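Just below is one structure, and these are the notes that go with it.
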Amino acid sequence: MSAIDTDRFRELLVEERKRVVAALQNLHDDHAGSLTEESGEETAFDNHLADTATETYDRELDYTLEENSEHVLADIEAALKRIDDGTYGICTSRGEQIPVERLEALPWATLCIDCQRDRERR
Ligand SMILES: [Zn+2]
């Protein structure tokens, strides 16, 4: 028994996955295109970055973003799998229902707030 409308969360997760995949694609394109002149909307932005002395910093920032995005992507995939398995919205630590408000804020949450806090304290 679940009070959670998993269809709605599946939609949210699929949308978010699209967004993250697009963001990752952009990051990859930036890296691949840095040595060549590219056509398309992002050219002006790329050239602007290449012209600044902070290029190395920007590149490092990109990698951090990429790492985070890949992490989120894995979380989203896992959440979609939990919807298929019928375990979506259940705290993976103690097995209680994660409040819907928390899932609204973080659809790929695997822990209720209490367990999340416990984990962060360690
Ligand atoms: Zn919990």
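Values in this text are rule-based calculations from the coordinates and carry no lab data. These numbers come from a predicted model, not from an experiment. All Cβ positions, even for glycine, are placed from backbone atoms using ideal geometry, and neighbour counts span all protein chains on display.
Report, by residue number, each residue of segment 79-95 that is within 16 Å of the ligand (Cβ to nearest atom) and in contact with a Phe, Trp or Tyr (Cβ under 9 Å, 6 or more places away or on another chain). Don't jump to the end; show me each part of the working.
Looking only at segment 79-95, we keep the residues that are within 16 Å of the ligand (Cβ to nearest atom), and these are 79, 82, 87-95.
79, 82, 88, 89, listed by residue number.
Output the qualifying pairs, or none if there are none: Cβ atoms under 7 angstrom, residues six or more apart or on different chains, first residue in segment 56-78 and in contact (Cβ under 8 Å) with a residue 60 or more places away in the chain and assigned to a helix (DSSP H, G or I), second residue surrounded by 12 or more Cβ atoms within 10 Å (Cβ to Cβ) and among the basic types (Lys, Arg).
Matching pairs, first to second residue: 76/17.
Which of the numbered conditions does residue 98 fail, given that it passes all the others? Conditions: (1) within 14 Å of the ligand (Cβ to nearest atom); (2) in contact (Cβ under 8 Å) with a residue 24 or more places away in the chain; (3) among the aliphatic types (A, V, I, L, M).
The failed condition is (2).
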